[in-house]
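Novice: Quick one: this structure, given as structure tokens, is what I'll be asking you about.
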Amino acid sequence: MSPRIRLAAAADIHLGLDSAGLLSSQLSGIEDHADILLVAGDVTRHGDVAEAAVFAGEVARVSIPKLAVLGNHDYHSDQQARIAAELERAGMVVLERDAIIVEVRDVAVGVAGVKGFGGGFRDACGSDFGEPEMKAFVRHTKSIAAALEEQLTSLDHADVRVALLHYSPIPQTLVGEKPEIFPFLGSYLLEDAIDRGGADIAFHGHAHVGAEFGTTRGGVPVHNVAHPVIRSAYRVFEVG
């Protein structure tokens, strides 16, 4: 019987230049509780590289594998490539339309990561029809969802397949947010990608006043690990 793998997950940490030392103390000893750390985006407040450097310094001493996707805040100043580089210098793998397999106690844990995007959910979603701007909006999400499905499918040799996103794939984990902004918090296209790609579990952030847990139509558990929702530096989930 394969061992249970412990995934520590968090999102929407939003560190600023005044945040040095706040997270590192809470991450101390995480190796005793988790095998992998997953960060589902928004490590900065304004997408500033200096803010990313603060976050990188906070996680640099974490010795378990560290994987992340970026969030919309991390893209705000068009410095996402430099932000990713800061995190990678701290030993973190930043995923965007790609995947990685991490070996933990003879268990192959595959993680596919995308930022995701909006568009809405069934019966209340946008379509790639009409103005070029609307078509571009929805087609962007379609492209990201297709990449997520492709990367999950590529993990066919993994024992566990994890989908890591910033935007939500389902509306259940958005309950608490104003329904009017659901289309800007996620898309059902991401849910379809998770189900078709064979994910075992999915994590996202972005919805600060959403709900913690939901499932896709295919029964995949989805966890909203935004810091204002879980109210801790991370939450541990067992899979396997």
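Novice: Would you compute, for the Cα atoms of the range 183-233, the largest minus smallest coordinate along each principal axis and list the three values in descending order, in whole Å?
Specialist: Principal extents (largest minus smallest coordinate, Cα): 31, 23, 13 Å.
Novice: Right, here's the next one. Just need the relative contact order of the range 5-239 here, percent rounded to a whole number, with Cα pairs under 8 Å and 6+ apart.
Specialist: For the range 5-239, the relative contact order is 22 percent.
Novice: Now a separate question. Taking the Cα centre of the chain as origin, sum charge times position over the Cβ atoms of Lys and Arg (+1) and Asp and Glu (-1), and report the length of that vector in debye to the nearest 20.
Specialist: I would put it at about 180 debye.
Novice: Regarding the range 155-240, what's the average projected area of the Cα-atom convex hull, expressed in nm²?
Specialist: Over every viewing direction, the Cα hull of the range 155-240 projects on average to 5.4 nm².
Novice: With a 10 Å cut-off between alpha carbons and a GNM built on the chain, which of Asp32, Asp195, Asp128 moves the most?
Specialist: Sorting by GNM fluctuation, first place goes to Asp32.
Novice: Where both residues lie in the chain, what percent of DSSP beta bridges are antiparallel, nearest 5?
Specialist: The antiparallel proportion sits near 40 percent.
Novice: Rg(Cα) of the range 1-136 divided by 2.2 N^0.38 Å?
Specialist: Here the Cα radius of gyration is 1.19 times the empirical estimate.
Novice: Please compute the net charge surrounding Ile230, taking Lys and Arg as +1 and Asp and Glu as -1 over other residues with Cβ under 14 Å from its Cβ.
Specialist: Once all neighbours under 14 Å are counted, the net charge is -1.
Novice: While we're looking at this one, here's another question. What Rg and what Dmax come out for the range 25-96 when only alpha-carbon atoms are used, in angstroms?
Specialist: Cα only, the range 25-96: 11.6, 37 Å (Rg, Dmax).
Novice: Under a straight-distance cross-link criterion of Cα-Cα below 28 Å, which lysines are reachable from Lys135, leaving out those fewer than 8 residues away in the same chain?
Specialist: Straight-distance partners of Lys135: Lys115, Lys178.
Novice: Would you mind counting up the charge near Lys135? Only other residues with Cβ under 15 Å from its Cβ, with Lys and Arg at +1 and Asp and Glu at -1.
Specialist: Summing Lys/Arg as +1 and Asp/Glu as -1 gives -1.
Novice: On to the next question. Compute the Rg/Rh shape ratio of the range 83-125: radius of gyration over Kirkwood radius, all on alpha-carbon atoms.
Specialist: 1.17
Novice: For the chain, with the dipole built from +1 on Lys and Arg beta-carbon atoms and -1 on Asp and Glu ones, taken about the Cα centre, which of Gly240, Pro65, Ala136 lies farthest toward the positive end?
Specialist: Gly240
Novice: Among 73-80, 178-185, 157-164, 103-110, how do they line up by average Cβ neighbours within 10 Å per residue, starting with the highest?
Specialist: 157-164, 73-80, 103-110, 178-185
Quick note: the coordinates plus some simple rules give every number you see, no bench work behind them. In this text the structure is predicted, and so the values were computed from the model without any measurement. Please note: Cβ atoms are built from the backbone with ideal geometry, for glycine as well, and neighbour counts cover all protein chains shown.
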